[in-house]
Structure formats: C-alpha cells, structure tokens
Amino acid sequence: MKNDYAIVILAAGKGKRMHSPLPKPLNIVAGKAILAHIVTTVKDISPAQIIIVYSGDLSLYKAYITDSDVTWVEQQQQLGTAHAVAAALPYINASQSLVLCGDTPLVPSCELIRLLEQSKNSVGLITATPENPFGFGRIIRNKNNNLSAITEEKDASDAEKKIKEISTGIITAPTKFLTQALKLIKNNNNQGEYYLPAIIPLWLQHNAKVVTVAATDPMTVLGINNFVELAKLENYYQLQIANKLMIKGVRITKPESFNCHGTINADAGVKIANNVTIKGIVTLKAGCEIEANCILEDATIEENAIIKASSIVIGSLISKNAQIGPFAYVRANCNIKKDAKLGAFVEAKNTTLGDGSKANHLSYLGDAEIGTGVNIGAGTITCNYDGKTKHKTKIEDNAFIGSGTELIAPLTINKGSYIGAGSCITNDTPAEKLTIARSRQVVIDKWSEK
C-alpha cells in the first residue's frame, strides 16, 4: 500500500565544486550512483510518488536510474532549491511532500519515517550536529528552543556561524501550504537564489512551530560537495558494513580495506582478509575463507571453500571444500563442485568442474563439462571458439589430461582416458586408453636460419 506523500529529490546540481564531468548526484558511492542510493532508500517507505528534479541530459540520468515508477522533471535554470521544488509542484498529487537533496546517499529510511510520522500535516526537517558545520545552513532557535529560522552559510553572521546545529536540507511540508509558500519566497540573499528553507518563517507566521528531528548519526545525512567528502563518506559506509559483519561473527582482518559495492550475506565463521571487494549479490557460507585482494561478484562460496589470494570469481558457485587460486579467474556460469580445485593462473568460463577434479595451474577451461576425479595438467586449453560459434568440451570421470594439451571442441574425452602431454586432440578419445596426438621429434643436422 502506498503512503499519501510525494518524495521530491533535488538532483539538478552541477557539482561545480567536485570538478566532475558527471552531475554531482551521478557520482559513485559503494559501486552505485549517489542518486540511485537515495531512490532505493525512499522506495523502502512506499511513497505515492517519487519525483526527481534534474537538469541537462535525461538519458545520462536514466543510465544510472532505471526505475520506471520515477517521474522526471527538468529544472532548466538552477535558481535555488525552492525554484527546483516549484518545478516539481505541478506533478505532485500527494497531500504531504518530502524533499531530499540529491547528494545524500546514506540517509536511512528509518530517519525519513521518523520525520514523516512526527510531522503529519506540518512542516518538519531533519537536523544534525556534525563536528564541522561549515557550508551548511544553521538552525536558529528562539528562547523556547523552537526553530525560528535557517540561515545559509553565506548569509550567516559570525555569531551564527558558531552554531553547530545544521539543516540537512531534508524538509517535509503539506503540499497545499508548499504551493502557496513557494509563490511568496524572495531571492534577496547573497546568492540571489530562492531557498526552500524560506518557507519556515511563512509557516511560523500562522502555526505554532516547525518539527525538528535530530539525525541519529550526522554522517548519514550529510551531503557531498567534493571528492574529499565523497571519499570520507565511502570509507564511513564501508566500515559500517564491515562492523555489522564482524558483530555477526565474520572475521575481517583489516576492516578499513573492506569494500562492498553490492549485497553480502555471510555466515558466522567466514574469514575475509584485507582488500577484498564485493560486487552484486555475494553469499559466503560458514567456514569459507577469502584471502587478500580477491574480487567476488554475484557469487556463492559454500562451506569451507577457500578463495586464495588475488582471485576473481564472477557469477559462479564454488562448492564445499573447493579451492580457487591464487590468481585464478572464474568467469560467469561456472560450477566448481565439492573438493575440486582451480589453481594458480587458471581461467574458467561456463564450466562445470566435478567433485574432486583438479586443474592446478596455468590452464584455460571454457565451455567445458568436466566429471569427477579428473586431473587437468598445466597448460591445458579447451579450444572452444572457432571464430563464429562456441563449442563444448566434455571430459568424463577419472580422465587424465597431460600438460600442454589442446582440446579442440566439440569433443568428448571418455571415462578414464589418458591424454599424453603436448597432444592436440581433435577427435573423441576411447575410454580407459592412452591417446597421444603429437608429431614425432626430428633432429636436422645441417639446419640453418638461412
């Protein structure tokens, strides 16, 4: 069920202070655009509408935000936050509006819910008290400690600049009042802009007070103005994820080097070394170990499997007690079964490696179906591509592939086959027999380069 409020996200900022070729809301935090984080958060609170105010090339924004239930509104001139909200007003159908800035990726949905619940049919905003309030509008309170005004940094007096409590720019108001108030706002300030907080004194003229909700953690509601602040927020975000994992029983050797750019589901008893990066949806089962400098993307690592140092696993299943790496590259659609091993500098793609089978080093296994108990010698290649079509190599149980072998697909290595080292196999091999396919060694006495 949708709630009767509209979310308006102000994302038209050019981000001049970031010196970025992208609009500020499209810069990346934890593998996802700042704006995409905000959209994900507000969808959690089931609003009637999500409206994004943008400027410039809409196709650029839609490359990062693919949600079909978002309404896009262009702000052709950037004349301030109130001007941006005014552009969105004709599209708002809900009775209450909640305005967020497009540069606050970590704002939690619980804070937005708290604000909306305490500000029903009223004006309210989220405040914060960061260590350094520079650059933010200051909260001015009266003798009863109620909010009386918000003064922007560039308009603030020296005394006002000493105030630590700031406005986060997250403001809610009844839509009917917002429509009336925005018509009355003036731009008589140092920037010549129409500020949304100017609705505050208009509300106070006829109402008791503005509801203020203090953010539980200031870091989650602060915006980003440059890449220094972005890096600080990224580090904070990553450390929070690492801390939650460690509290649940995951051992992370160096939490400050942990990177999660997606979703991680990890059991107690998992070990993660330094400089590990998570992308997409990753599941780590109890007892598995991820060594240093690994990248896991859309992967499942089952119980007691080991991903050794500097390995990459993408879109694949690594089963119980299997071992990957070091320096292995497991590409999409691989199924490495229990007790199997893909060793140093082995690359696999769209391949099943059966129980207990091993490719210990320096091999490429592409589009292969490999049975149980198979030994793949160093330097083995499944030649799966003929220039137009990919072909499958099938290696049945207990086969032995000698080092330096080329297997030209489509091909079946039957059960128990032995392939001599250095062979180039083009035809199916018989079961339980040795097959050798290499030219005889010849010595030419009087050979010269000429």
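The values are calculated or read from the model by the stated rules, or taken from the named source; none is laboratory data. Only a predicted model underlies this, so the values are computations on that prediction, with no experimental measurement involved. Glycine also receives a Cβ, built like all others from the backbone with ideal geometry; neighbour counts cover every protein chain displayed.
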Look through segment 22-51, keep the residues that are within 19 Å of His83 (Cα to Cα) and in contact with a helix residue (DSSP H, G or I) (Cβ under 7 Å, 6 or more places away or on another chain), and return whichever of them is modelled with the lowest pLDDT.
Lys24
Might you check whether a residue that is under 15 Å from Tyr329 (Cβ atoms) and not in a loop (DSSP other than H, G, I, E, B) occurs anywhere in segment 377-386?
yes
Determine, yes or no, whether Leu100 is modelled with pLDDT of 95 or more, farther than 21 Å from Thr175 by Cα, under 23 Å from the mean Cα position of the chain (by Cα) and not in a loop (DSSP other than H, G, I, E, B).
no
What is the one condition in (1) under 28 Å from the mean Cα position of the chain (by Cα); (2) modelled with pLDDT under 95 that Trp72 does not satisfy?
(2)
Which condition number in (1) touching a Pro at 6+ places or on another chain (Cβ under 8 Å); (2) closer than 19 Å to Ala231 by Cβ is the one that Pro255 fails?
(1)
Looking at (1) surrounded by fewer than 20 Cβ atoms within 10 Å (Cβ to Cβ); (2) within 14 Å of Val213 (Cα to Cα); (3) at pLDDT 95 or above, which is the only condition Leu89 fails?
(2)
So which of Pro23, Pro47 ends up being surrounded by 20 or more Cβ atoms within 10 Å (Cβ to Cβ), in the same structural domain as Asp103 (by TED's automatic domain parsing) and over 29 Å from Val228 (Cα atoms)?
Pro47
Report yes if some residue within segment 326-335 is in contact with a Cys (Cβ under 9 Å, 6 or more places away or on another chain), among the hydroxyl-bearing types (Ser, Thr, Tyr) and surrounded by fewer than 24 Cβ atoms within 10 Å (Cβ to Cβ); otherwise report no.
no
Kindly establish whether Thr220 is in contact with a Pro (Cβ under 6 Å, 6 or more places away or on another chain), in contact (Cβ under 8 Å) with a residue 60 or more places away in the chain and among the β-branched types (Val, Ile, Thr).
yes
Is it the case that segment 350-360 has a residue that's outside any strand (DSSP E or B) and under 28 Å from Gly31 (Cβ atoms)?
yes
When segment 41-63 is checked residue by residue, the ones that are hydroxyl-bearing (Ser, Thr, Tyr), assigned to a helix (DSSP H, G or I) and more than 15 Å from Asp103 (Cβ to Cβ) are Ser59
Limited to segment 376-412, what total is found for residues that are buried (at least 17 other Cβ atoms within 10 Å of the Cβ) and either aromatic (Phe, Trp, Tyr) or not assigned by TED's automatic domain parsing to the domain that holds Asp355 (or both)?
1
